[in-house]
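A quick write-up on the structure given underneath.
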Amino acid sequence: MSGQARSRPAAKPRAAPRQARAAAPRLAPAAAGPLAGWRRWRWVAVLVLAALVGLPLAHAVFGEVVALLGGTFLLGVLVGRWTAG
């Protein structure tokens, strides 16, 4: 550089902020009924049943290390999918 200060380009004007959309109304937990969370517990039961049947079966077929690694991987995928969002 030859000692001259470089000029800064002019700032662009900002766009107007967008209007926020109204959220969809949700039902209150009491209004949803006592069986509102039964689907979640069904999936918990499926996971427990799969662990009780699948892990001993994988252990017998593939060995201890593969069964533990596979079970850990599948549990991580399932928990990650259930809690995503």
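The modelled label-to-label distance for the pair Ser7/Thr83, using points 7 Å beyond Cα in the direction of Cβ, is 5.5 nm. Starting from the Cα gyration tensor of the stretch 38-83, take the square roots of the eigenvalues, sort them a ≥ b ≥ c, and report rounded, prolate or oblate (rounded when a/c is under 1.5, otherwise prolate if a/b is larger than b/c, else oblate). Judged from the Cα gyration tensor, the stretch 38-83 comes out oblate (a/c at least 1.5, b/c at or above a/b). Measuring r between the beta carbons of Arg40 and Leu68 and using R0 = 30 Å, the FRET efficiency lands at 0.70.
Contour minus end-to-end for Leu55 and Ala15, with contour as 0.36 nm per residue of separation and end-to-end as the Cα-Cα distance?
Stretched fully, the Leu55-Ala15 segment lengthens by 8.8 nm.
All of the numbers you see were taken from the coordinates with simple rules; none came from a lab. Please read these numbers as outputs of a predicted model, since none were measured by experiment. For neighbour counting, all protein chains shown are included, and Cβ atoms are generated from backbone atoms with ideal geometry for every residue, glycine included.
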